[in-house]
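The values are calculated or read from the model by the stated rules, or taken from the named source; none is laboratory data. Here the structure is a predicted model, which is why all the values come from computation and not from measurement. Here the Cβ positions follow ideal geometry from the backbone for every residue, glycine too, while neighbour counts run over all protein chains shown. To get the accessible areas, we keep the full protein, side chains included, count just its heavy atoms, and leave off ligands, DNA and RNA. Shrake-Rupley method; radii C 1.70, N 1.55, O 1.52, S 1.80 Å.
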Amino acid sequence: MRKQIAAANWKMNLTYQQGEELLDEILSAGVKLNEHQQAIFAVPSPYLLMTRSTVEEELNYFASAQNCYNKKSGAYTGEVSAEMLNSINIKYCVLGHSERREYFIESNAMLAEKVNLCLENFVTPIFCCGEPLAIREAGTQNEFVATQLKESLFHLPAEKIKTLIIAYEPIWAIGTGKTATTEQAQEIHKYLRSVLADQYGEEVANEIPILYGGSVKANNAKELFASPDVDGGLVGGASLVAADFVEIIKALK
Ligand code: PGA
C-alpha cells in the first residue's frame, strides 16, 4: 500500500516551549503507526533538532523543515540549505507552500532547483501545489496544477519522482475553514495521479502519496482520507491542537 501521511505544518506559530509541550501531548496519546503510515511535523527551523530527537523513538514519526533555499551554499544571509538539513538528519522538507509562492515569490522554476537540492541531499520534498480561488472559479484548476507539477518536477527521472510526497492544497481552502468537498479532493487527486501516470507510467504514479491540505480538521479527516487517491493530509491550524492532530493521525487509512 502507498504511504498514508498526516503532516503537521506549524507555520510560524508556537514558542519552543509550546512546541515541546504540543509534541509531548501528541506522543503521549500513543498512536501506533503501521509500516505504511507516517506522522510528519514540519516545524520552524529552530525547533528541528528538538522535534527530531523528541519523535525519533517512535516508529514512523518524523521531523520536517518548512522550506530550504534554492542555492547550495554561500552568501545568502538568513537562509537554510538542503545540505544543512541533511547534516542534522532531517529527512523531509515542505517545498512550494502557497504562502511561500505568494509572499516570497517562489516560482515553479525556483522550486525545481529546491527539489533537486533536496534530493541530492537525501531530503524528501513534500511538494505543494494548488490553485487560487479565481482559477477554481474559472474552472481551469486542472491545467493550473498540472503546470506546477510539470515545471517543478517533470525533469526528474522516474526513480526520483517516486520518492516524493505531493500535497494538493487549494489556496481558497487554506486557513479559511472552507474545505474542498471529498468529491472535489478525490477528483483533482485522481487527475494529478493521471498527469503523473501520463509522464511516468501507472506504476510510478501509484507509488506517490498525494496529501490533501486546506482546513483538514479532526471532524473531516476521516472522510477526506477515505477517498482512494487522498493519501492523508497537510494540516495547518488543526495541527496546533494536540487532541485534534491525534484524531487526524488516527484517521489515516
Ligand atoms: P490549514 O493549513 O489546515 O490551516 O488550512 C493547511 C496548510 O497551509 O498547509
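Tabulated values for the structure
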| read-out | value |
| --- | --- |
| Cross-chain or 6+ apart pairs with Cβ under 6 Å, segment 83-109 first and of a type in the set (Lys, Arg), then open to solvent by 50 Å² or more (accessible area, probe 1.4 Å) | Lys91/Phe62 |
| Failed condition for Ala39, given (1) farther than 24 Å from Gly214 by Cβ; (2) in contact with a strand residue (DSSP E or B) (Cβ under 9 Å, 6 or more places away or on another chain); (3) modelled with pLDDT of 95 or more | (1) |
| Counted residues, segment 222-239 - those being in a helix (DSSP H, G or I), among the aliphatic types (A, V, I, L, M) and either away from the ligand (no atom under 14 Å from the Cβ) or in contact (Cβ under 8 Å) with a residue 60 or more places away in the chain (or both) | 1 |
| Test: residue in segment 197-215 that is part of a loop (DSSP other than H, G, I, E, B), within 14 Å of the ligand (Cβ to nearest atom), touching an Asp or Glu at 6+ places or on another chain (Cβ under 9 Å) and open to solvent by 10 Å² or more (accessible area, probe 1.4 Å) | no |
| The listed residue being assigned to a helix (DSSP H, G or I) and under 26 Å from Ile208 (Cα atoms), out of Leu48, Leu59, Leu23, Leu33 | Leu48 |
| Residue match in segment 56-75 (condition: over 28 Å from Glu120 (Cβ atoms), open to solvent by less than 40 Å² (accessible area, probe 1.4 Å) and not β-branched (Val, Ile, Thr)) | no |
| In segment 1-25, the residues that are away from the ligand (no atom under 16 Å from the Cβ) and open to solvent by less than 30 Å² (accessible area, probe 1.4 Å) | Gln4, Gly19, Leu23 |
